[in-house]
Amino acid sequence: MANQIATFFDSQPGDPATAIAGHLSDYWDPHMRRQLADYVGEGGDRLLPTVREAVARLVETARA
């Protein structure tokens, strides 16, 4: 599902990673975001680069 979201935002103007992070933050349950962050932490091999970047931004924001 995250890749589908990224495919949409990758085709839109602006920074797709920021848009993806915003979408995940606004619409995904915290548990779903943690699962995605864990998957990225394990390598996230099946995720598009913009999804991995968006998740990295969400994790960094959560630490701040």
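Points to keep in mind about this one:
- Exclusive hit being touching a Ser or Thr at 6+ places or on another chain (Cβ under 6 Å) and of a type in the set (A, V, I, L, M), set 37, 17, 56: 17
- Residue within the stretch 14-32 that is over 14 Å from residue 1 (Cα atoms), within 9 Å of the chain's Cα centre (by Cα) and of a type in the set (Asp, Glu) present: no
To keep it simple, each residue is scored yes or no on (1) at pLDDT 95 or above; (2) on the phi < 0 side of the Ramachandran plot; (3) among the small types (Gly, Ala, Ser); (4) in contact with an Asp or Glu (Cβ under 9 Å, 6 or more places away or on another chain).
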residue: 17; (1), (2), (3), (4): yes, yes, yes, yes
residue: 32; (1), (2), (3), (4): yes, yes, no, no
residue: 38; (1), (2), (3), (4): yes, yes, no, no
residue: 47; (1), (2), (3), (4): yes, yes, no, no
residue: 56; (1), (2), (3), (4): yes, yes, yes, no
residue: 59; (1), (2), (3), (4): no, yes, no, no
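- When residues of the stretch 1-15 are limited to those that are assigned to a helix (DSSP H, G or I) and hydrophobic (A, V, I, L, M, F, W, C), the one most open to solvent (accessible area, probe 1.4 Å): 8
- Subset of the stretch 25-64 (residues that are touching a residue at least 40 places away in the same chain (Cβ under 8 Å), surrounded by 18 or more Cβ atoms within 10 Å (Cβ to Cβ) and assigned to a loop (DSSP other than H, G, I, E, B)): 47, 48
The values are calculated or read from the model by the stated rules, or taken from the named source; none is laboratory data. In this text, all values refer to a predicted model and were calculated from it rather than measured experimentally. Positions of Cβ are generated from backbone atoms using ideal geometry, with glycine treated the same way; all protein chains shown enter the neighbour counts. For accessibility, only protein heavy atoms count, side chains too; no ligands or nucleic acids. Shrake-Rupley method; radii C 1.70, N 1.55, O 1.52, S 1.80 Å.
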